[in-house]
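The values are calculated or read from the model by the stated rules, or taken from the named source; none is laboratory data. Model, not experiment: these values are computed from the prediction. Cβ coordinates were reconstructed from backbone atoms using ideal geometry, including for glycine residues, and neighbour counts include every protein chain displayed.
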Amino acid sequence: MQELLDLKRGVLEIISEEELKQKLIKSKQEGKPLRIKLGLDPTAPHVHLGFAVVLRKLRQFQDLGHEVYLIIGDFTARIGDPSGKSIMRPMLSEEEIKLNAQTYQEQFSKILDPLKTKVVFNSQWLSQLNLIDLINLTSKYTVAQILERDDFKKRYTSGQAIGMHEFLYPLLQGYDSVYLSSDVELGGMDQKFNILVGRELQRAYKQVPQAAIFMPILEGLDGVQKMSKSLGNYIGITESPKEIFGKIMSLPDEIMFKYFELCTNINLTEVEKMKKGFEEKILHPKEIKKRLAKEIITIYYNQDLAYDAEEEFERVFVKKEIPSNIPEISLAPSDIKNGKIWIVNLLILADLAESKRDARRLIAQGAVELNGEKINSPDLDLEVKDEMVLKVGSRNFAKIRVI
């Protein structure tokens, strides 16, 4: 079945594949679309390529004619998903939840078809549960089953606190599946326990259990840890094409083919040919990454901007020229003393350092240049000249203008 083969691309596990196949067949026979669910707690409002892996799989279902439901967990976020956590998580405020949810929705349209995406908030039904409803829900699952979860088990055996509200989290997330009568739920492997709870609760409520599709975790720019904004190893889908291109070119060679599989639409047979060419030293990794970068930028922007980003990369990193368009920072007379400015202050004013401490760190790392000359001392007072070019790292520039 070609639909199933296409949907299996990049998937780690399906529970169960036969169930999913039968659901797809029945959907086609009856002309009734499947309900595909992705649950999201709006706690991290920046969509990056790692998160886009799951969203892209949802888009595949949309293209096949199925209904996609994004469950914004504004109710469950007040508890906080304890998955993988060794301590109790603080609850989010209603204001934080609304702000994060709004940011998410603004970014979804870069991947999903907004006209075919139903965004719902689980407070719509979870807040309506009364005490009897909640007791009935908790009766469907045992404490022993909850403690099978690895993070709970570790915290329990080590004597660390587990709040009763945390036990409710997987049950409430699972109840989302019951309320929607979802046919398929997607998620990362870190959500496996919660998603399988949904299957069991659907059985308990006399529903056909959803199939579960688990996507792999995409490593970030370091090639080791999960892509995360907090770790600084991420590629955001709303970052500029030039920034995306530069970041992809910095990827470790060994991970670039995983990015092709999970982040692009390139046929896997072609990916295998590139991999063979790389292993046989016929294809240079730089050329492969340039192809990868252009494919990804074309998905989130367009082909013209992808080629512009490539040209800019060649200009700055190969030919060592100044970028064609860099931000200009104007210095006021109050910023300058006796015609000079402290390099640390200049970095902060140019938005190239977050603080004095950060500026000193960048200088100590040898990451700061002025007009092509490396700055070695954080104590330097620079003579101010119009159109000086400040550079931090390999991709951050600012042109200094004097008012």
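Tell me, which residue of region 19-73 that is in contact with a helix residue (DSSP H, G or I) (Cβ under 7 Å, 6 or more places away or on another chain) and of a type in the set (Ser, Thr, Tyr) is farthest from GLN102 (Cα to Cα)? By that ranking, first place goes to TYR69. Taking region 144-259 and the helices (runs of 4 or more DSSP H) fully enclosed by it, the elements with 3 or more residues that are within 26 Å of ASP308 (Cα to Cα) and out of contact with any Asp or Glu (no Cβ under 7 Å at 6 or more places or on another chain) are at 241-249.
If the condition is being out of contact with any Asp or Glu (no Cβ under 8 Å at 6 or more places or on another chain), under 23 Å from PRO241 (Cα atoms) and in a helix (DSSP H, G or I), then region 264-286 contributes only LYS286.
Every residue, every condition in (1) touching a residue at least 12 places away in the same chain (Cβ under 8 Å); (2) surrounded by 13 or more Cβ atoms within 10 Å (Cβ to Cβ), yes or no:
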{"site": "GLU3", "(1), (2)": "yes, yes"}
{"site": "ASP6", "(1), (2)": "yes, no"}
{"site": "ILE15", "(1), (2)": "yes, yes"}
{"site": "GLU18", "(1), (2)": "no, no"}
{"site": "LYS21", "(1), (2)": "yes, yes"}
{"site": "LEU24", "(1), (2)": "yes, yes"}
{"site": "GLU30", "(1), (2)": "no, no"}
{"site": "LEU34", "(1), (2)": "yes, yes"}
{"site": "GLY39", "(1), (2)": "yes, yes"}
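Just so you know, in region 257-286 the residues that are touching a helix residue (DSSP H, G or I) at 6+ places or on another chain (Cβ under 6 Å) and of a type in the set (Val, Ile, Thr) include one that is surrounded by the most Cβ atoms within 10 Å (Cβ to Cβ), and it is VAL271.
All of (1) touching a residue at least 60 places away in the same chain (Cβ under 8 Å); (2) surrounded by fewer than 20 Cβ atoms within 10 Å (Cβ to Cβ); (3) closer than 30 Å to LEU283 by Cα hold for PRO241 with one exception: (2). Residues that are of a type outside the set (A, V, I, L, M), at pLDDT 85 or above and in contact with a Ser or Thr (Cβ under 9 Å, 6 or more places away or on another chain): does region 210-229 have at least one? Scanning region 210-229 turns up at least one residue that is of a type outside the set (A, V, I, L, M), at pLDDT 85 or above and in contact with a Ser or Thr (Cβ under 9 Å, 6 or more places away or on another chain). Of all residues in region 322-373, count the ones that are of a type in the set (D, E, K, R) and over 32 Å from the mean Cα position of the chain (by Cα). The number of residues fulfilling the criteria is 4.
The rows are residues; the columns are (1) assigned to a helix (DSSP H, G or I); (2) at pLDDT 90 or above; (3) in contact with a Gly (Cβ under 7 Å, 6 or more places away or on another chain).
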| site | (1), (2), (3) |
| --- | --- |
| LYS57 | yes, yes, no |
| GLN62 | yes, yes, no |
| LEU70 | no, yes, no |
| GLN102 | yes, no, no |
| GLN107 | yes, no, no |
| LEU112 | no, yes, no |
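Right, SER181: surrounded by fewer than 17 Cβ atoms within 10 Å (Cβ to Cβ), in the same structural domain as LEU129 (by TED's automatic domain parsing) and either free of Cβ contacts under 8 Å to residues at least 24 places away in the same chain or more than 30 Å from LEU251 (Cα to Cα) (or both) or not? Considered against the rule, which asks whether it is surrounded by fewer than 17 Cβ atoms within 10 Å (Cβ to Cβ), in the same structural domain as LEU129 (by TED's automatic domain parsing) and either free of Cβ contacts under 8 Å to residues at least 24 places away in the same chain or more than 30 Å from LEU251 (Cα to Cα) (or both), SER181 comes out as yes.
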